[in-house]
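Okay, so here's the structure we're looking at.
Coordinate-derived values only; no laboratory data. Please read all numbers here as calculations on a predicted model, not as lab measurements. Positions of Cβ are generated from backbone atoms using ideal geometry, with glycine treated the same way; all protein chains shown enter the neighbour counts.
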Amino acid sequence: MSALERLAAFVEPLGELRRGEPLARHTTFGIGGPADLFLTVRSGEALAAAATAAADEGVPLFVLGSGSNILVADAGIRGLVIDNRARAEHLEGTVVRIESGASFAAFARRMCRRALDGLAWAVGIPGTLGGAVVYNAGAYGGCLADVLRRVRLQLPGGRIEWVDAADLRLVYRGSRFTRGELRGRTVLECELELAPGDAADLLRRAAAYDEKRLAAQPRGRSAGSTFKNPPEAPAWKLIDAVGMRGMRRGDAAISEKHANFFVNEGNASAADVRWLIDEARRRVAEQFGITLEPEVEFVGDWS
């Protein structure tokens, strides 16, 4: 029996297991080939057990949140993909603990309704709390680092511990996770400290952010902002300046509405989206001497 087959036998009781699941069904881009094993879990305990089992068997692991902010290769992902839907929540005063598979946007809106301030800016951000930790999600001048106190991580070997937010070294759209310093660690739970607020005022602010986002960003299938904004200028302005607004390759396109949004207008391949990303980086570097850094993560078998 192979390591993959042994892992499948172990994790099957932990959730819903599928083999060869097309990941295009589970990403906001609507793009991505199959996962060898695709396991949906609904608790932090199941997530931890499956992650430990994958490490023990030496099988590659990818934890999927809502499928935003990633571009999955056309060849898919080898090993185990965990569809994380662990969402348990505990609120005590202004401190809230929530499992990493919870929707960040829905959680932020819920906190506004409960008159807890600190996350109104996040009501339109796709993704899960786990992903928000990894990328230090932010918008409109706010970011998760402003309210995050600590996270519960599973470490290699199955050990679990709480880690202070300061130890994650959260920066603009990055952390020790994105820099590769915390490989083999899985975010199980987050603890945030919010502030007392007025529910009506917070919901008005959230609605204003909703309107601003709808006015600026295209509808349809995308992974959100494609590039981080460099210090010199917004990424969209640089892409527009090199003549790529509206450019297409197959069914992949750079949005006419917002040039930092790359969209799937039909049956776009991951290869075509990546070509547009690489071409935008090349042109901006050539014309302005600025290196655009992708905010979107390339996931899976790109060989």
Met244: net charge of surrounding residues, Cβ under 9 Å, Lys/Arg +1, Asp/Glu -1, itself excluded?
0
Mind listing the long-range amide H neighbours of Arg185? Cut-off is under 5 Å, sequence gap 5 or more, other chains count too, H placed in the peptide plane at 1.01 Å from N.
none
Does the chain classify as rounded, prolate or oblate by the C-alpha gyration tensor (a ≥ b ≥ c root eigenvalues; a/c under 1.5 gives rounded; else a/b over b/c gives prolate, otherwise oblate)?
oblate
What order do you get for 30-42, 11-23, 131-143 when each peptide is scored by the mean count of other beta carbon atoms within 10 Å, highest first?
30-42, 131-143, 11-23
If one computes P(r) from the Cα atoms of region 3-84, what percent of pairs lie at distances over 18 Å?
33 percent
Three-way shape call for region 83-190 based on the alpha-carbon gyration tensor, with the a/c threshold at 1.5
prolate
Could you give the length gained on full extension between Leu214 and Ala233, defined as 0.36 nm per residue of separation minus the Cα-Cα distance, in nm?
4.6 nm
Could you identify which residue out of Asp198, Asp272, Asp83 has the top mean-square fluctuation in a GNM of the chain using Cα springs shorter than 10 Å?
Asp198
Hey, what did the chain get for relative contact order, percent, Cα under 8 Å, at least 6 apart?
18 percent
Note, ³J(HN,Hα) from phi for region 90-95, Karplus 6.51, -1.76, 1.60, rounded to Hz, x at Gly and Pro:
9, 10, 9, x, 9, 9
